[in-house]
1. Do the conditions hold for Asp225, that is, is it over 23 Å from Gly56 (Cβ atoms) and not polar (S, T, N, Q)?
2. Please enumerate the residues belonging to the stretch 92-119 that are hydrophobic (A, V, I, L, M, F, W, C) and either touching a Pro at 6+ places or on another chain (Cβ under 6 Å) or at pLDDT below 95 (or both).
3. Looking at (1) modelled with pLDDT of 95 or more; (2) buried (at least 22 other Cβ atoms within 10 Å of the Cβ), which one does Phe249 not meet, given that it meets all the others?
4. Looking at Gly74, is it in the same structural domain as Val104 (by TED's automatic domain parsing) and in contact (Cβ under 8 Å) with a residue 60 or more places away in the chain?
5. What number of residues within the stretch 101-118 satisfy the criterion of being out of contact with any helix residue (DSSP H, G or I) (no Cβ under 9 Å at 6 or more places or on another chain), in a strand (DSSP E or B) and either more than 9 Å from the ligand (Cβ to nearest atom) or farther than 19 Å from Ser278 by Cα (or both)?
6. Pick from the stretch 29-47 the residues that are in contact with a strand residue (DSSP E or B) (Cβ under 8 Å, 6 or more places away or on another chain) and in a helix (DSSP H, G or I): which of them is surrounded by the most Cβ atoms within 10 Å (Cβ to Cβ)?
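The values are calculated or read from the model by the stated rules, or taken from the named source; none is laboratory data. As the structure is a prediction and not an experimental result, all values here were calculated from the model. Counting neighbours? That spans all protein chains shown, and the Cβs are built from the backbone with ideal geometry, glycine included.
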Amino acid sequence: MSTFQAPKGTYDLTPPRSATFLAVREAISAPLRDSGYGYIETPGFENVELFARGVGESTDIVTKEMYTLTTKGGDQLALRPEGTASVLRAALEANLHKAGNLPVKLWYSGSYYRYERPQAGRYRHFSQVGAEAIGTEDPALDAELIILADQAYRSLGLRQFRILLNSLGDKECRPVYREALQSFLRDLDLDEETRRRIEINPLRVLDDKRADVQKQLTDAPKLRDYLCDACKAYHEEVRALLTAAGVAFEDDEKLVRGLDYYTRTTFEFVHDGLGSQSAVGGGGRYDGLSEMIGGPELPSVGWALGVDRTVLALEAEGVELDLPATTSVYAVPLGEEARRVLFGVVTELRRAGIAADFAFGGRGLKGAMKSANRSGARYTLVAGERDFAEGVVQLKDMESGEQSAVPLAEAAAELAKRLG
Ligand code: HAM
C-alpha cells in the first residue's frame, strides 16, 4: 500500500472534480432553502444507542456496517451511518418541536460512514444532502419533499432517473401483514441466515436479490392487500398530489428500504446509468421514530440524496454542469518591483469583489501565462520594469487575445468596468 493512499472504500475530492460536488450540494439544497427548510448541523458521531434504537437492531446498517468506538471515557460512539436519527435527536434536544411551529423543516449536508463492501458507487465514506420535516402528518408534506428532490435533479440536468413509490403501512396494519408474510416465508426452502431474517425483519427477505429466492416469492402476500383504510387513503392522496404536480413515479411494492423506522410513504430515486448501486436517493415517512428514541409522538417525513452517486449519475448521462471560472483576473509580474505592485493590485481587486489570482514564485512569463490560461481568467495583467517606467500595466483579454496598456492607477477600476 502506498503511503499516500486513502483508506479502502474512500476517495478524496480534488479540483477540478470537487467543484461538481459543491455545485451538486448547492443544487440539491437550493429548493429546500427556498421552501422553508432551515439548516441544521449535528456531530459526525452519536451514541451507538441512538442508531441501534432508531435505525433498528435488525438492519444491516446497525449489525454490520457501523464504525463504532469506545472513547477513553468509556462512551460507546458510532460514526453516523445516516442523518435522520441524529437530526431528530437534535431537534428534540433543542425543543424545536415545542416552538409551536410544526412541521419543523430542516436540511443538512455532510459525511456519512458505513462499513460496506466497496464497489462502484458504494463507499465507506460518502456524502448526503438531506431534508426532514418533523411533527406533521400531511400527505402534502410527503409530496412536497418528493417534488423538491425531483426539482433539484432536474435543475442539474438529470433526466434518466425514476421515482419508485410505496407505502409500508402503519403500526395498525403492518404487524398484521408482517405475521402473514412470516407464516408464508417459514414454509419456503431457505438458508439459515434468511430463516433468521424471517424472524427479525421479514420484509427484507422480499428484497433478496437471488433468483431462486425470488422465484419462491411469487405468491407471497402483498402489503398492498393489508393496508388499512387510513393508510390507503393517505397513500392515494400522496399519489394524487404528485400526479397533479406533473411528477412521474412508479408504484413499487417491493420497495422496502434498509432502515427500520419507515411507515407509510417510502420512495427511492434510482438512476438507470449506475449499474447495481442505482439508488441516488431515498426516504420516507417515519411516524414512530421519535417514540423509538424516547421522544413524544412526532410523525415526520424526509429524504437523503447521495452526493457521490448524483455526481456519478451526471457523468453517466454526460451532463456537464455550467460552472463559471472561479478566477476573473490573473496577474503576472515580471521582476521584483512588479511583484510588489501587482500583488497590491490583486489585493485591491479582491477587496472590490473581483476574483483574482497571482503568479506566485517569481516564474518566467511563459510558465506564468500557462497558469493564467489554466485558471480560466478572462483577463491577465502583465507588468515589468518597462511598463512601470511608463506608469502602465498590460491588460490582456484572454478571449479575444487583445492587449492594451492601461495606466497602473486605473487598472482596478478598468477591470471592474469591463467585468461589469
Ligand atoms: P439511505 O437510502 O440509506 O437513506 O441513503 C440515502 C442515499 O445515500 C442513497 O440513496 C445513496 O445515494 C447514498 N448512500 C447510501 N449509502 C451509500 C454508500 N455506501 N456509498 C455511497 N452512497 C451511499 C438514508 O440514509 C435515510 N436517512 C434517508 C431518509 C431521510 N429517510 C428519511 N429521512
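1. Values: over 23 Å from Gly56 (Cβ atoms): yes; not polar (S, T, N, Q): yes.
Spelling it out, Asp225 is indeed over 23 Å from Gly56 (Cβ atoms) and not polar (S, T, N, Q).
2. The first filter runs over the stretch 92-119 and keeps only residues hydrophobic (A, V, I, L, M, F, W, C), leaving 92, 94, 96, 99, 102, 104, 106-107.
Ala99, the sole residue that qualifies.
3. (2)
4. Details: in the same structural domain as Val104 (by TED's automatic domain parsing): yes; in contact (Cβ under 8 Å) with a residue 60 or more places away in the chain: no.
Judged against the criteria, Gly74 is not a match.
5. Residues of the stretch 101-118 that are out of contact with any helix residue (DSSP H, G or I) (no Cβ under 9 Å at 6 or more places or on another chain), as a first pass: 101-102, 110-113, 115, 117-118.
Still in the running and in a strand (DSSP E or B): 110-113.
Narrowing further to those that are either more than 9 Å from the ligand (Cβ to nearest atom) or farther than 19 Å from Ser278 by Cα (or both): 110-111.
Of the residues in that region, 2 qualify.
6. Looking only at the stretch 29-47, we keep the residues that are in contact with a strand residue (DSSP E or B) (Cβ under 8 Å, 6 or more places away or on another chain), and these are 29, 32-33, 35-42, 44-47.
Narrowing further to those that are in a helix (DSSP H, G or I): 29, 32-33.
Values: Ser29: 21, Leu32: 25, Arg33: 12.
Restricting to residues being in contact with a strand residue (DSSP E or B) (Cβ under 8 Å, 6 or more places away or on another chain) and in a helix (DSSP H, G or I), the top hit is Leu32.
Listed here are the residues, each with its yes/no results for (1) crowded, with 18+ Cβ neighbours inside 10 Å; (2) of a type in the set (Gly, Ala, Ser); (3) part of a helix (DSSP H, G or I).
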{"site": "Asp212", "(1), (2), (3)": "no, no, yes"}
{"site": "Arg224", "(1), (2), (3)": "no, no, yes"}
{"site": "Cys231", "(1), (2), (3)": "yes, no, yes"}
{"site": "Thr243", "(1), (2), (3)": "no, no, yes"}
{"site": "Glu253", "(1), (2), (3)": "no, no, no"}
{"site": "Val256", "(1), (2), (3)": "yes, no, no"}
{"site": "Glu268", "(1), (2), (3)": "yes, no, no"}
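Condition check ((1) in a helix (DSSP H, G or I); (2) farther than 15 Å from Gly110 by Cα; (3) of a type in the set (Val, Ile, Thr)) across all residues:
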residue: Phe4; (1), (2), (3): no, yes, no
residue: Thr10; (1), (2), (3): no, no, yes
residue: Leu13; (1), (2), (3): no, no, no
residue: Ala27; (1), (2), (3): yes, no, no
residue: Glu49; (1), (2), (3): yes, yes, no
residue: Ser58; (1), (2), (3): no, yes, no
residue: Met66; (1), (2), (3): no, yes, no
